[in-house]
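Report on the structure given below.
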Amino acid sequence: MEWVIKKMSRRVTRTFKHNLNQAHIERTLKFCPQCNLVWSIAVGGSAIRYTDMPTYGLKRIVCKVCK
């Protein structure tokens, strides 16, 4: 019976870590008021722009392409 409890508790931990990763991704997204696109910085330093992304609650910062 104890092994069932251990398995179930591990599953909860994995789900919690996934939620932390999703929150990190949401913090890196920004909205450009000039081109009206959501953007983020890639690992190589280039700007990735998203056309079909909701903008509610994102920081309004001009992207690298518009600067």
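The values are calculated or read from the model by the stated rules, or taken from the named source; none is laboratory data. Everything quoted here is computed from the prediction, not taken from an experiment. Accessible surface areas use protein heavy atoms only, side chains included; no ligands, DNA or RNA. Shrake-Rupley method; radii C 1.70, N 1.55, O 1.52, S 1.80 Å.
In segment 54-64, what residues are at pLDDT 85 or above and of a type outside the set (Phe, Trp, Tyr)?
If the condition is that a residue be at pLDDT 85 or above and of a type outside the set (Phe, Trp, Tyr), then Pro54, Thr55, Gly57, Leu58, Lys59, Arg60, Ile61, Val62, Cys63 are the ones that fit.
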Response to the item:
Of the residues in segment 42-56, those that are under 13 Å from Thr28 (Cα atoms), in a loop (DSSP other than H, G, I, E, B) and open to solvent by 70 Å² or more (accessible area, probe 1.4 Å) number 1
